[in-house]
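The values are calculated or read from the model by the stated rules, or taken from the named source; none is laboratory data. Model, not experiment: these values are computed from the prediction. All Cβ positions, glycine included, derive from the backbone under ideal geometry; neighbour counts span all protein chains shown.
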Amino acid sequence: MSTELLQALSDLGKEKGIEPEVIMEAVEAALISAYKKNFGSAQNVQVVVDRVTGEFHVYTCYNVVEEVINDKTEIALADAQRKNPGYQVGDLVTEEVTPRNFGRIAAQTAKQVVVQRIREAERGMIYSEFSERESDIVTGTIQRIENRNYYIDLGKIEAVLGPTEQIPGESYEMFERIKTYIVEVRKSSKGPQIMVSRTHPGLLKRLFELEVPEIQDGVVEIKSVAREAGARSKLSVYSHDENVDCIGACIGAKGARVQAIVDELRGEKIDIVKWNEDPGIYIASALSPAKVIDVQVNEEEKKARVIVPDYQLSLAIGREGQNARLAAKLTGWKIDIKSESQAQEAGIQYEDQEYEELDDYLEE
């Protein structure tokens, strides 16, 4: 190797974030393997590359022993002392055996090692970059489709959008740009694998965080998200500043902010409700757009019985139970919904609590 090659290795190492010494040690280890493969050596071999001139030398190494058992790895004390009287048992005797035609093999081996090390370093940097971005949104271009998996080009690497992470009924075209949510970054023999999702509740949360400055500033906080991708979602928010309307901030002027998110999710309906530390008020809000008469809570079992007007029962439950199911996910409470008639038949006592109506803020 020449000094120019050494300088090139040093520059490349710095560019890719690899210490030059790490590359040189890898080259030396690879040259040992190359020597043994091409010259059939069963001896202990050491290769040293001069860090200044780039010259390399191959040495066989022998352990100094009283009695030789393996002459390929051991040397008798008497023979060693003929070379140098200072040798003692346990010392290592080296002898240069650099082949004349080893230069071409060495150069090719060094190239392979450097390429491999750079590839490993790049994979490591990509893994580190994207593992730090787990639970974040990335925008990419659909490059190919295989077995219902969409492969999305993120610039440095492809991400995989699997069938279970695709919004039902949603289709994507080749070279279309889409936003996805990084669920997991895995290490594999072929490099990092990035698994993304369009159905994860975190996608909805991050979209609001990006769209609403008050959330970015920490004035408005997203407390909980419940989502049935492609159909309906519920989001509970809270304002740390009494002068800031948390629901209005999320909706935006003339609904611009929430509409941008609805468009990104291709028409998914979003209910935005105000979080409240009182579970009764919170549950009543979570069942919007249905009107609630009374909420009776069991703190120990985290169960709630909700009374609604007869004409609001189907709305409170929702199509195939969707509204009630999302409200339960959002609040973390088990919710039993009964109409006024059902409550009277069951002898359930209740009062009309006149919960605050939030219909003006709802996206239906």
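So is I222 within 30 Å of T139 (Cα to Cα), in contact (Cβ under 8 Å) with a residue 24 or more places away in the chain and outside any helix (DSSP H, G or I) or not? It is false that I222 is within 30 Å of T139 (Cα to Cα), in contact (Cβ under 8 Å) with a residue 24 or more places away in the chain and outside any helix (DSSP H, G or I). Among the residues making up segment 184-219, those that are among the hydrophobic types (A, V, I, L, M, F, W, C) and either crowded, with 19+ Cβ neighbours inside 10 Å or outside any strand (DSSP E or B) (or both) are V185, I194, V196, L203, L204, L207, F208, L210, V212, I215, V219.
Of E264, E242, all but one fail to be at pLDDT below 95 and out of contact with any strand residue (DSSP E or B) (no Cβ under 7 Å at 6 or more places or on another chain); the exception is E242. Among residues of segment 69-80 that are in contact (Cβ under 8 Å) with a residue 24 or more places away in the chain, those with a Cβ under 6 angstrom from a residue that is surrounded by 15 or more Cβ atoms within 10 Å (Cβ to Cβ) and outside any loop (DSSP other than H, G, I, E, B), sequence gap 6+ or separate chain, pair up as T73/N44. Please determine whether any residue of segment 46-60 is under 28 Å from G124 (Cα atoms), in contact with a helix residue (DSSP H, G or I) (Cβ under 9 Å, 6 or more places away or on another chain), touching a residue at least 24 places away in the same chain (Cβ under 8 Å) and in a helix (DSSP H, G or I). Within segment 46-60, not a single residue is under 28 Å from G124 (Cα atoms), in contact with a helix residue (DSSP H, G or I) (Cβ under 9 Å, 6 or more places away or on another chain), touching a residue at least 24 places away in the same chain (Cβ under 8 Å) and in a helix (DSSP H, G or I).
Against the test of being of a type outside the set (G, A, S) and surrounded by 11 or more Cβ atoms within 10 Å (Cβ to Cβ), the options P163, P168, P85, P99 yield a single qualifying residue, P99. Taking the criterion of being among the hydroxyl-bearing types (S, T, Y) and either assigned to a loop (DSSP other than H, G, I, E, B) or in contact (Cβ under 8 Å) with a residue 60 or more places away in the chain (or both), no residue of segment 292-329 qualifies.
Considering (1) in a loop (DSSP other than H, G, I, E, B); (2) outside the structural domain of G162 (by TED's automatic domain parsing); (3) not polar (S, T, N, Q), the lone condition that I270 does not fulfil carries the number (1). Looking only at residues in segment 171-183 that are aromatic (F, W, Y) and under 15 Å from I145 (Cα atoms), the one that is surrounded by the fewest Cβ atoms within 10 Å (Cβ to Cβ) is F175. Confirm whether T141 is among the hydroxyl-bearing types (S, T, Y), under 43 Å from the mean Cα position of the chain (by Cα) and not in a helix (DSSP H, G or I). Against the criterion (among the hydroxyl-bearing types (S, T, Y), under 43 Å from the mean Cα position of the chain (by Cα) and not in a helix (DSSP H, G or I)), T141 qualifies.
Here's a check for you: in segment 330-348, which residue that is among the β-branched types (V, I, T) and either outside any strand (DSSP E or B) or not assigned by TED's automatic domain parsing to the domain that holds N298 (or both) is nearest to I270 (Cα to Cα)?
Here the residue is T331.
Would you confirm whether any residue within segment 86-99 is closer than 17 Å to N38 by Cα, in contact (Cβ under 8 Å) with a residue 12 or more places away in the chain, β-branched (V, I, T) and out of contact with any Gly (no Cβ under 9 Å at 6 or more places or on another chain)? Checked segment 86-99: at least one residue is closer than 17 Å to N38 by Cα, in contact (Cβ under 8 Å) with a residue 12 or more places away in the chain, β-branched (V, I, T) and out of contact with any Gly (no Cβ under 9 Å at 6 or more places or on another chain).
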